[in-house]
Amino acid sequence: MPDITAANADVATPELMKSISAAFNSRDVDRIVDCFTDDATFWLARGPEPVGRTLRGKAEIRRTLADRFKVIPDMRWDHKEYIYAGNRAISVWTVRGKGADGEDLNYQGCDIYTFRGGKHLLENRRAEGPPLMTLDLVIRGGTVVDGSGKDRFTADVGIAGGRIVEIGRISTVADRTIDADGLIVSPGFIDGHTHMDAQVAWDPLGTCSCWHGVTSVIMSNCGFALAPCKPEDRDWYARCLSAVEDIPTAAMAAGIDWTWETFPEYLATVERLPKAINYGMYIGHSALRMYVMGKRALTEKASEDDMSRMAAAVKEALRVGAMGFSSSRASTHVTPDNTPVASRIAGWEEIDRIVAAMAELHAGIFQVGPDIGSGALHRAFLERLRKVALDYKRPIMFGVLAVRPGHDPLDQRHLLVEVLLAVRRSAGVAPDPRPADCRAETTAGRSGGSARPGGSRSRHEAARQGGAGGGSCHDRPAQTRLRQSVRHEGDRLERSDRGRACAQQWTASGRDHARPVVGQREPSLHPADSE
């Protein structure tokens with residue numbers, strides 16, 4: 001700053017103006033703020049008000065400038081002209097830099113100054129061109145849980161152009177502000193398994209998913225879908241969806257304007273519908289089989305030509321935006337006539353052909369309903385699914401819990417361990433590090449309660465001490481992943497000693513080789529990286 005004497009303390013001079021310009025171009029907030037009086041008023045060039053937002057006092061000016069320099073770190077003023085009149089001055093300038101979305105800023109404006117003691121008493125900015133920075137929405141004072149795994153924290157969240165652009169203490173002007181004090185602010189949740197294929201046609205809000213913080217849903221799971229579908233089969237598709245998901249056919253008849261036939265046509269229809277949440281979808285196996293094979297889909301294996309046509313249709317669906325391909329082997333999935341749905345008639349070679357088609361495009365998730373007709377069928381399903389995963393390297397999604405398990409079911413307390421062990425075997429590591437008592441089948445999960453696994457307390461203690469694995473049982477991260485092994489007895493849940501023992505023995509040998517089958521990516525809350 002120039003040396004301002006008592007004689008000219010309230011006079012605007014070229015030296016004073018050049019010093020102010022240099023301070024702003026330094027982007028040093030403290031240096032800039034030092035140019036203002038303690039009671040200064042600063043009108044921003046742009047904002048929702050006609051003359052922009054009004055900042056009063058050094059503290060508010062400092063916060064606002066610091067936030068803007070974070071968003072536009074290379075902002076620069078080029079002054080073209082100064083006009084002086086006593087303790088007032090006008091400067092004409094051009095601002096350049098990169099905006100929040102990478103756009104080039106290049107617009108002109110002018111400042112009107114009033115000085116006292118060689119410092120700004122007032123700075124009133126007027127600009128022509130695009131706004132420097134305004135926000136559409138600020139969610140203020142909420143507790144942020146950002147999905148990264150770090151501790152929750154209190155912050156404001158600023159949104160512009162549909163993207164998060166600021167997180168922290170935000171003083172930037174916004175068109176709308178929400179007071180989130182006492183509330184959680186987090187990314188929207190993705191529901192990876194829904195059957196909203198029909199509901200999307202008449203329910204713009206996506207209830208009741210939206211009421212629980214869900215912002216994205218994936219539909220057409222387990223092979224049930226409304227496309228592809230020939231016009232003469234629409235009633236059959238609706239009845240199948242009603243039989244499995246209990247959606248009234250009357251509601252579907254009244255709520256759906258069924259104008260599509262192919263999957264791309266259905267996807268285009270969903271895109272045109274009014275929606276409050278996001279929708280993704282699979283191309284469903286039962287629907288696809290019926291479309292290609294007609295009534296044969298309910299009784300016959302697919303021919304070579306049938307499989308080629310199905311594979312081609314799946315490729316077409318992926319190219320236009322399908323999440324992947326869904327199917328079902330579940331004995332609970334039946335038609336209105338109580339016969340197996342079309343996907344259950346298909347042989348594994350048919351599934352191989354279709355998943356291989358996805359692999360050719362390096363795209364798509366394979367979602368499948370598991371066969372839980374019995375413990376033996378369930379285990380055979382997992383083994384065959386492992387082969388699909390290894391052969392075609394596509395992500396696979398399936399459920400590991402069942403409310404109506406079949407005859408002699410797998411012990412559901414240990415089913416996650418079974419899945420992880422299958423993945424370990426696929427990596428060529430030891431096939432089963434668990435002690436024998438942990439591998440025993442039980443009748444847990446049958447109606448009327450659950451039976452305790454065989455074995456004594458002493459065997460549990462032996463398992464905890466290293467038994468078959470021969471290593472330490474104190475691997476905390478892996479134990480944490482598996483610590484929720486529970487059993488249901490009457491109306492209470494308690495942790496299973498046997499489940500913990502099995503988990504510890506599994507973690508004792510080569511846990512780093514085990515990876516669960518890939519599911520949905522967890523969202524996170526970061527600037528310019530949110531839904």
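The values are calculated or read from the model by the stated rules, or taken from the named source; none is laboratory data. This is a predicted model, so every value here is computed, not measured. We place every Cβ from the backbone using ideal geometry, glycine too, and count neighbours over all the protein chains shown. Note: areas computed on protein heavy atoms with side chains; ligands, DNA, RNA excluded. Shrake-Rupley method; radii C 1.70, N 1.55, O 1.52, S 1.80 Å.
Annotations for the structure displayed:
- For region 50-82, filtered to residues that are free of Cβ contacts under 8 Å to residues at least 40 places away in the same chain and in a helix (DSSP H, G or I), the residue that is farthest from Asp10 (Cα to Cα) is Ala66.
- Tallying residues that are within 29 Å of Gly375 (Cβ to Cβ) and crowded, with 21+ Cβ neighbours inside 10 Å within region 309-332 yields 7.
- Test: residue in region 358-374 that is open to solvent by 40 Å² or more (accessible area, probe 1.4 Å), outside any strand (DSSP E or B) and within 17 Å of Ala225 (Cα to Cα): no
- Residues of region 375-401 satisfying the condition of being over 30 Å from Ala311 (Cβ atoms) and open to solvent by 30 Å² or more (accessible area, probe 1.4 Å): Ala376, Leu401
- The set of residues from region 341-355 being more than 20 Å from Leu382 (Cβ to Cβ) and either at pLDDT below 95 or outside any loop (DSSP other than H, G, I, E, B) (or both) comprises Ala342, Ile345, Arg353.
- In region 333-355, of all residues being among the acidic types (Asp, Glu) and open to solvent by 30 Å² or more (accessible area, probe 1.4 Å), the one that is farthest from Arg384 (Cα to Cα) corresponds to Asp337.
- Selection status of Ala85, open to solvent by 50 Å² or more (accessible area, probe 1.4 Å), without any contact (Cβ under 8 Å) to a residue 40 or more places away in the chain and closer than 19 Å to Arg116 by Cβ: no
- In the set (1) free of Cβ contacts under 8 Å to residues at least 40 places away in the same chain; (2) not in a helix (DSSP H, G or I), the condition left unmet by Asp235 is number (2).
- For region 190-222, residues that are buried (at least 17 other Cβ atoms within 10 Å of the Cβ) and more than 18 Å from Val270 (Cβ to Cβ) total 1.
- Options Glu265, Glu261; residue that is open to solvent by 40 Å² or more (accessible area, probe 1.4 Å), touching a helix residue (DSSP H, G or I) at 6+ places or on another chain (Cβ under 8 Å) and acidic (Asp, Glu): Glu261
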